[in-house]
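**Student:** Shown below is the structure under consideration.
Please treat every number below as a calculation from the coordinates, not as lab data. All figures in this text were calculated on a predicted structure; none of them were measured in a lab. Here Cβ is always computed from backbone atoms with ideal geometry, including for glycine, and neighbour counts include all displayed protein chains.
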Amino acid sequence: MNTTGAELLIKCLEKQGVEYIFGYPGGAAIPIFDALARSGTSIKFILTRHEQAAAHAADGYARACGNPGVVLVTSGPGAGNLVTGLMTAKMDSVPMVAISGQTITAMLGLEAFQEADIVGITKPVTKKNYLVLDGLAIPEIVEEAFSIATSGRPGPVLIDLPKDIAAGAVETITAKKSVQQMLVEDAILPNKSITLIAETLIDAARPLILAGHGVLIDDASEELNRFSEQFDVPVVTTLLGKGAIDETSELSLGMLGMHGTAYANTAIMEADVIFAIGSRFDDRIVGDAAAFAKNKKIVHCDIDVSQFGKMIAADITLQSGAKQALGALIKTDLSAYHDVWRKRTAELKRDLVLQLSGQDGLTQQAILESIDRQTKSDAIVTTDVGQHQMWAAQFLRTKSPNRWISSGGAGTMGFGLPSAIGAQFAQPGETVVAIIGDGGFQMTSYELATAFIHKLPLKLFIMNNHYLGMVRQWQELFYDNTLSGVDMEGNPDFVKLAESYGVRAINLEKTSDIERVVQEALNYNDGPIVVNCEVIKTDNVYPMVPAGAGYDKMLIRAPEAPLEKPSGST
């Protein structure tokens, strides 16, 4: 019985437990789509309106449920459109398997129609990629791809499948590619290192845990909470570490960094020991590296040994997944009390509370506070990138893992809507709220069609300030308020745009309407709903640590003197 390469691929994906494939078809991928349609498999194909959005949807799916996202596209421009999504997943350590159709093997390298060297193009933004030249190798390649995507520091893997290999009978190919299965086992952690870390935290006067995305990736949130209580150590998180600890708890100081809470950033300055776990010390956290580490002992635990010393030289390093390391520390049965330090961090939380904008009009902070209150901090939240993202990270508290989905390392605009689609497919019974800027929304707004067709009950809040707000803020603060390329003049009527897709949409224009409109959006479950929030144009995100500066340069609030209205704005 003949089996084509494409049919074999679908069987392998089914064996891996794939639930959804997000993507877009094309000529070189037709044999794969044909095999998928004829297979009778339980795998569901979700047609997006653009390949980049398909990658972001697969990304959101993976972040919301922990299983690798899968995306399927055609060759050339189809595969090329994946690059931004692959880069986003690579930077944020998201497990993903991307499959691209390719021109027939006889035409490889001859500039055939819709041919691109996608293997070469994507090498910098994938953990590994494959050009399949032998149908018999498909099972081994698929198995290895999923293993690599999900093990160690997770990330995207690409499989490029030529059309003749996909359409051809596997038995006709004689040469079998040798593919070694990648096996990953927990390392045996050195007892001396575990004891040293525990004793360092016990002896510290002002210890602080810096929890990154690695805690969530390794499903170590429960261990982190137990460990922080056992050793009586407050916790700050990175942007992508939100949810590693319940942000409503006493031990949580929220997010640190360029736009972190003032109390988290101040605690970092005052700490004498920082235990970073599952965090790569990115530049938005570190700022001035010398100032960051000054008069501190740094303990760095990460699964990726290449991160040690890259940004911050640590006094103690431990290569380990977060779950294993925290589990070992808990099992020491050691404990500590830091009453004076805990009293100090409680004072910081009390005295340096997040502040609403002092400007008149509808503010993003007020809307976000209402969403947080009405969802009881329990929605799955996706964001785009910009001011709204930072305000959302500040005002939307995350109580449990995998409920905060945002593009961190790559800072990818257009991420919010398609990632919300993927998250809703992953968690159909959960409330999914997308916080999106007017700039980022227009990069992937066409995915309203995907959300509408599948009747996904997404709640989409467009923070419409008619500016590329974060760039405008930087131009105001650091470039003498010389505004260039940031005025979003020509924005469409987002309510009418949404309605043209069949999506329900409403305007929010007055502060007095916030509670009612947010409640209406949260209660609507017959499909997606868009709320166009006509927020004030020139609000700025604070706190703010200028790029490359130390935390002592943190701006907690706007200057007292009013800012001049930018010339020519409306």
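**Student:** Given R₀ = 60 Å, FRET efficiency for M269-A37 by Cβ-Cβ distance, to 0.05?
**Tutor:** The calculated FRET efficiency here is 0.55.
**Student:** If I model a spin label at D360 and K496 as a point 7 Å from the Cα along the Cα→Cβ vector, what separation in nanometres do I get?
**Tutor:** It works out to 3.0 nm between the two label points.
**Student:** If you don't mind, there's one more thing I want to ask. Using DSSP, restrict attention to beta bridges with both residues in the range 5-172 and report what percent are antiparallel, rounded to the nearest 5.
**Tutor:** 0
**Student:** Please say if the range 191-351 is rounded, prolate or oblate, where rounded means a/c under 1.5 for a ≥ b ≥ c the square roots of the C-alpha gyration tensor eigenvalues, and otherwise the choice is prolate for a/b larger than b/c and oblate otherwise?
**Tutor:** Verdict is rounded for the range 191-351.
**Student:** How would R557, R472, R504 line up from fewest to most surrounding beta-carbon atoms within 10 angstrom?
**Tutor:** Fewest-to-most ranking of R557, R472, R504: R557, R504, R472.
**Student:** Would you calculate a helix-derived [θ] at 222 nm for the chain, using -39,500 (n - 2.57) for each DSSP H run of n ≥ 4 and dividing by the full residue count, to the nearest 500?
**Tutor:** -10500 deg cm²/dmol
**Student:** State to the nearest 20 debye the size of the charge dipole of the chain about its Cα centre, where the only charges are +1 on K and R beta carbons and -1 on D and E beta carbons.
**Tutor:** Its charge dipole is roughly 380 debye.
**Student:** Additional query: Fewest to most neighbouring Cβ within 10 Å: what's the order for R342, R403?
**Tutor:** R342, R403
**Student:** Mind listing the long-range amide H neighbours of A505? Cut-off is under 5 Å, sequence gap 5 or more, other chains count too, H placed in the peptide plane at 1.01 Å from N.
**Tutor:** The list, which skips near neighbours in sequence, is V530.
**Student:** Residues with beta-carbon under 14 Å from that of R350, excluding R350: net charge, scoring Lys, Arg +1 and Asp, Glu -1?
**Tutor:** +1
**Student:** In addition: What FRET efficiency, computed as 1/(1 + (r/R0)^6) with R0 = 30 Å and r the Cβ-Cβ distance, is obtained for E509 and R49, rounded to the nearest 0.05?
**Tutor:** After rounding to 0.05, the efficiency reads 0.55.
**Student:** Where the centre of each part is set by its Cα atoms, how far does the range 465-528 sit from the range 62-137, in angstrom?
**Tutor:** Using only Cα atoms, the two centres lie 34 Å from each other.
**Student:** To check you understand DSSP bridge types, tell me what percent of the beta bridges within the chain (both residues inside) are antiparallel, rounded to 5.
**Tutor:** The antiparallel proportion sits near 5 percent.
**Student:** List the residues, sorted by chain then number, that are 5 or more residues from Y467 or on another chain and whose placed amide H is less than 5 Å from its amide H.
**Tutor:** Amide H neighbours of Y467, under 5 Å, 5+ apart: M488.
**Student:** Taking only C-alpha pairs under 8 Å that are 6+ residues apart, what is the relative contact order of the range 1-73 in percent?
**Tutor:** 39
**Student:** Okay, next question. Around I159, which amide H atoms from residues at least 5 apart in sequence, or from another chain, sit under 5 Å from its own amide H, with H modelled in the peptide plane?
**Tutor:** Excluding prolines and chain starts, which carry no amide H, the hits are A98, I99, S100, Y130.
**Student:** If you add up the charges near P528, with Lys and Arg at +1 and Asp and Glu at -1, over every other residue whose beta carbon is less than 11 angstrom from its beta carbon, what do you get?
**Tutor:** +1
**Student:** List, in the order given, every pair from K310/K553; K11/K242; K349/K455 whose Cα-Cα distance in the structure shown is over 32 Å.
**Tutor:** In this structure, K11/K242; K349/K455 lie more than 32 Å apart at Cα.
**Student:** With Rg and the Kirkwood Rh both taken from Cα atoms, where does Rg over Rh land for the range 274-328?
**Tutor:** 0.96
**Student:** Next up: Applying the Karplus parametrisation 6.51 cos²θ - 1.76 cosθ + 1.60 with θ = phi - 60° to the phi angles of the range 524-535, what ³J(HN,Hα) value in whole Hz is obtained for each residue in order, glycine and proline being reported as x?
**Tutor:** These are the phi-based 3J(HN,Hα) values: 8, 10, 8, x, x, 9, 10, 10, 8, 9, 7, 7 Hz.
**Student:** May I pose another question? What is the Cα radius of gyration of the range 364-541 over 2.2 N^0.38 Å, N being its residue count?
**Tutor:** With N residues counted in the range 364-541, Rg over 2.2 N^0.38 Å equals 0.96.
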